[in-house]
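Input: a single structure, listed below in structure tokens.
The values are calculated or read from the model by the stated rules, or taken from the named source; none is laboratory data. Note that the structure is a prediction, hence the values are computed from the model and not measured. Cβ coordinates were reconstructed from backbone atoms using ideal geometry, including for glycine residues, and neighbour counts include every protein chain displayed. Surface accessibility is based on the protein's heavy atoms, side chains included, excluding ligands, DNA and RNA. Shrake-Rupley method; radii C 1.70, N 1.55, O 1.52, S 1.80 Å.
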Amino acid sequence: MRVYLFFLVLFSLKFFAQKDQPNIILIVADDAGYADFGFQGSKTFKTPHLDKLADEGMKFTQAYVSAAVCGPSRAGLLTGKYQQKFGYEENNVPGYMGNSALKGDDMGLPLSEITMGNYMKKLGYKTAIIGKWHLGNADKYHPTKRGFDFFYGFRGGARSYYEFNENNLNHRKEDYLEFGFKNFKEDTAYLTDALASKTIKFIEQNHKNPFFLVLAFNAVHTPMEAKEEDLKVFPNLNGKRKTLAAMTLAMDRACGNVFDKLKELKINENTIVVFMNDNGGPSDTNGSFNYPLSGTKANHLEGGIRIPFLMHWNKKIPYKSKYNYPISTMDLLPTFYAAGGGNIDDLKDIDGVNLWPFIKKDKLDRPHQKLFWKKENRGAIRDGDWKLLRYPDRPAELYNLKDDISEVNNLAFEYPERVKKMYKELFDWELTLKRPLWQLKRVYEGKAMERMDSFKKNK
């Protein structure tokens, strides 16, 4: 009898502890423009549900990703550390890579790395990722082997929003939709809608216990495909901007459907929702706007690495609040882990910072005095409000972001000692990194630069 009571008490304690743990939903947009949301100031694009999320939570005005392209950004996000520390160079996989130890489908998030899914499972969470993976095509890198109990989506970096299409997309294995390891085909649903529907079903089936869910839209990444009814909402737009606006509207509506389900199940008050973009908008390919930031996806100007970022937790985060110091998406791992009741000391060798003391204003200093970025010979460092960009083919540039968010006024020649100091700090950081597991083929990089030069001339 005593043994029975002992286990009953243990079960009860575990049950009530689980009920106190917040559910966590991380929503990741893909290649969206910094300015292409209502909560970011757009008067053209319609994002009412995300705007409401911003009104009911906190907007982070200086949120950064750890890389300016999709795959490496996600590697830093899910591990809470600079991805270069484990050789995940700032190039997408598998892509046009070569001359390296790993090639093709052998490239992916190293199996030695512990993911956000692993850590949240340790706390008793049911874990899921729905949508885009882009961290390795081989079975050994599959989400269900990297800490996620549930996967619905595709392994690659981009695919059509429809299963069958005249452009003959979705022909690669990594484009195929999967439910766990099983491929399937859908010939009706627009993918943004399908991802939201599967998210809602997962929530319905798992809401009685704490869950951790990553909803990784491929919207608004190319190909530019929108629903006809959404295109009609923007009669005054044309071309890529019209299609992008319609794709953004569909993503916002999908988010709204998820938010409505949380309210219907009466779990919205104990659910943390974070919305973020994976990198800056690629203005040339999808027509996105990053104003007032300079730069685009794939470079280290602000337009490539600063992103829209929202966080909501009812009664725990003040309504209509803003956080104005720089943060990184690497911070989400320790922040989620702490919210779930984990001991931050369990997280080894991470670069992210638990944001809760800063959100609650228990800490008034910066979460990060310095942040770093690197892609082959290119690099950047932010130290306080100063930012230095290093290039392999021209002098370094220096900007004071407090006064010059658009990075227009290069102050390198006015502050040579600061340039020298920050250049050395960037170099010292690079000495702590692992040799890249792969690298970009020079021939491809040359063609990419030719396309960019052509775009600039014809703009």
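Some notes on this structure:
- Some residue of the stretch 189-201 being part of a loop (DSSP other than H, G, I, E, B), surrounded by fewer than 21 Cβ atoms within 10 Å (Cβ to Cβ) and out of contact with any strand residue (DSSP E or B) (no Cβ under 6 Å at 6 or more places or on another chain): yes
- Filter result (farther than 30 Å from Asn91 by Cβ and either touching a Cys at 6+ places or on another chain (Cβ under 6 Å) or open to solvent by less than 10 Å² (accessible area, probe 1.4 Å) (or both)) within the stretch 266-280: Thr271, Ile272, Val273
- None of Ala29, Ala68 is on the phi < 0 side of the Ramachandran plot, in contact (Cβ under 8 Å) with a residue 40 or more places away in the chain, touching a helix residue (DSSP H, G or I) at 6+ places or on another chain (Cβ under 6 Å) and buried (at least 23 other Cβ atoms within 10 Å of the Cβ) except Ala68.
- Given (1) open to solvent by 30 Å² or more (accessible area, probe 1.4 Å); (2) charged (D, E, K, R); (3) modelled with pLDDT under 90, index of the condition Glu90 fails: (1)
- Conditions (1) within 24 Å of the chain's Cα centre (by Cα); (2) open to solvent by less than 30 Å² (accessible area, probe 1.4 Å); number of the one not met by Phe179: (2)
- Taking the criterion of being open to solvent by less than 10 Å² (accessible area, probe 1.4 Å) and either of a type in the set (A, V, I, L, M, F, W, C) or without any contact (Cβ under 8 Å) to a residue 12 or more places away in the chain (or both), the residues of the stretch 244-265 that qualify are Leu244, Ala245, Ala246, Met247, Ala250, Met251, Ala254, Cys255, Val258, Leu262.
- Restricting attention to the stretch 355-366, the residues that are surrounded by fewer than 19 Cβ atoms within 10 Å (Cβ to Cβ) and part of a loop (DSSP other than H, G, I, E, B) total 7.
- Scanning the stretch 326-354 for residues that are part of a loop (DSSP other than H, G, I, E, B) and either crowded, with 18+ Cβ neighbours inside 10 Å or among the small types (Gly, Ala, Ser) (or both) turns up Pro326, Gly340, Gly341, Gly342, Leu347, Ile350, Asp351, Gly352, Val353, Asn354.
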